[in-house]
Structure formats: structure tokens, C-alpha cells
Amino acid sequence: MFKVDYLIPIPYETRNLGLPSFVLSETFCQNSDENELRNNIENKVKELNNLFIQVRLPKDNLSIVPILKTCGFYFVESTLVPQSNLRKNSKLREFIFDKSTCIPTRYKLEELNLCYLDTNDAKTSSKIKEIAEESFSDDRFHIDPNCPDSIANKRFANWVSDLYTDKSVIFYYLKYKDDAIAFMCHKNQDLILAGFSQKYRNSGLGEFLWLSVLEKMLSEGIYQAKTLISVNNISVLNLYSRLGFKFNNPSVTLHYWHINSSF
């Protein structure tokens, strides 16, 4: 009898987590065979001992969540896709007309500069990785009790390193006086990742960073912007709302771990 393989390897998560990692295939989402999924998992456990599996389900597939839960999966986050037409974004138009309206009074506009990151600049590139490692606490791995914080932190530094090798990804960093304090990167219309150094996390400069990057994208002929965000990240969710983004494509993410030894 033909056996269906529901588990697709994800090498970057294997590298990040230090144990074999998989994503549940679209085949399972379309034809949810609980017994076959159990067989898949049991066979992988026998072969590998430790493993991790993730799945992101759009709203239309939520009916299979009970099946996943009976197999040991559990909910970690809901996500949304913020989207904006940059040519029609009134907040962006206001920013382009007068940038000073988007910065707290304790900062001077002339002391803030959005800079293109040359990834051959080792010093600044290393600083951006440091910011990425300390910026995040609301993502699905940080709130997952089965994932140590040290590993969750390192995932973002690894992600930035991977993005540096993709020449279609554009990095910008925000410089205050002489210090790089934040970054954002995009690939075409997709806003991939952004973060502030710990010292400036509550600086009130979020709108300035986001709008500065959106202005750059618009000048490059990119007229749409979108991203994926966890609803756990309330501060950035509110930021996108203030910037006039609309929210679409609700999804949920579930994790499964089988750990027989420390990782």
C-alpha cells in the first residue's frame, strides 16, 4: 500500500533548533488522515529520536485542528497579513511632506538617518545581527515552553545571516547620531524583518523607521507592501494599524515536539 509522507524537512529550523525539524505538508491539510499522520510521526521518532514539527493553517482549514491536537500538536500563535497600497497610503503621504511629525520631540530630525546596509560592511552587519538577537520576545518560539530562550534568540541572528546571502533582500538601518539603533529588510513588496536595539525599543521611533523604509520602497517603484505578523506582537500590530495597513489572511500555527534527550 502506498504510504503518504506528510513531513517535509526544513533544514534552516533543523540548524536553528539543533534537532530534525519538519513542516506538515499541504497534502495533509487537503486530506487529513489521522492514522497516517500518527504513522508518519512514529516512524520519524523511531528513526531520529528527537524531532520538531510545525504547521500554519489558514482559517479555511481550522476544522483539522482537533485531529492535530489528538496527535500531540498544540497552538502557539495566530498570524495576520498586514497590507498597504503605498500610493494611496495617506500616512505615508503626510510623512513624505513633513517627516518631523513622526518623531518624538526629544529627537532632532537631522540626527536621524536611514542608511542602506552594505552587507560587506562587517561592523554594521554584525551590529544588525546583535539587534536581531535581542529584539524579539513575542514570536512563537519565545512563547513556546518547549523552546529555550537562548535558542529562540539565536534563530533571529541566524535568520539575518541567511538573509545577508540573498542579494534580492534589501537591508536598511536607522542611525541616530553615529549609532545603528534599528533595522528593517524587505524583498520586493515583502517586509521581512525589523527590530530595534534594546536601548531604543521604547524610543517612539517605530513610525519613523517604518515610514522611511516605505518611502524608499515607493521611490524604487514598489507600490504594495505586506508582511506576516503574530497577533502576540501587539505593539507592532498597533503600529501597522496606525500606518493605515489593512489586515488579511488570518492563520494559526501549531507546534509538535518529541524530545527524548536534551537539545
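The values are calculated or read from the model by the stated rules, or taken from the named source; none is laboratory data. The shown structure was predicted, so the numbers you read here are calculated from the model rather than taken from an experiment. Neighbour counts run over all protein chains shown; Cβ positions are idealised from the backbone, glycine included.
Here are the numbers for the structure shown:
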| item | result |
| --- | --- |
| Residues that are among the charged types (D, E, K, R) and within 27 Å of residue 155 (Cα to Cα), drawn from the stretch 14-41 | 15, 26 |
| Answer from 124, 165, 119 - the residue that is touching a residue at least 40 places away in the same chain (Cβ under 8 Å) and within 30 Å of residue 77 (Cβ to Cβ) | 119 |
| Qualifying residues in the stretch 14-39 (those that are modelled with pLDDT of 95 or more, out of contact with any helix residue (DSSP H, G or I) (no Cβ under 7 Å at 6 or more places or on another chain) and crowded, with 17+ Cβ neighbours inside 10 Å) - the one farthest from residue 142 (Cα to Cα) | 24 |
| Filter pass, residue 25 being under 30 Å from residue 190 (Cα atoms), in the same structural domain as residue 213 (by TED's automatic domain parsing) and hydroxyl-bearing (Ser, Thr, Tyr) | no |
| Residue within the stretch 206-214 that is among the aliphatic types (A, V, I, L, M) and either in the same structural domain as residue 70 (by TED's automatic domain parsing) or more than 18 Å from the chain's Cα centre (by Cα) (or both) present | yes |
| Listing of strands (runs of 3 or more DSSP E) fully contained in the stretch 1-99 that carry 2 or more residues being touching a residue at least 24 places away in the same chain (Cβ under 8 Å) and within 27 Å of the chain's Cα centre (by Cα) | 21-24, 51-58, 74-85 |
| Flag for residue 126 being assigned to a helix (DSSP H, G or I) and at pLDDT 95 or above | yes |
| Lone unmet requirement of (1) under 30 Å from residue 256 (Cβ atoms); (2) in contact (Cβ under 8 Å) with a residue 60 or more places away in the chain; (3) not in a helix (DSSP H, G or I) for residue 134 | (3) |
| Cβ-Cβ under 6 Å pairs, at least 6 apart or on other chains, the stretch 211-226 side under 20 Å from residue 102 (Cα atoms), far side surrounded by fewer than 20 Cβ atoms within 10 Å (Cβ to Cβ) and among the polar types (S, T, N, Q) | 225/189 |
| Selected residue [at pLDDT below 95 and over 30 Å from residue 18 (Cβ atoms)] from 233, 249, 238, 202 | 202 |
| Whichever residue in the stretch 105-117 is assigned to a loop (DSSP other than H, G, I, E, B) and surrounded by 10 or more Cβ atoms within 10 Å (Cβ to Cβ) and, among such residues, is farthest from the chain's Cα centre (by Cα) | 108 |
| Which numbered condition residue 155 misses (of (1) buried (at least 18 other Cβ atoms within 10 Å of the Cβ); (2) in contact with a Ser or Thr (Cβ under 9 Å, 6 or more places away or on another chain); (3) at pLDDT below 95; (4) outside any loop (DSSP other than H, G, I, E, B)) | (2) |
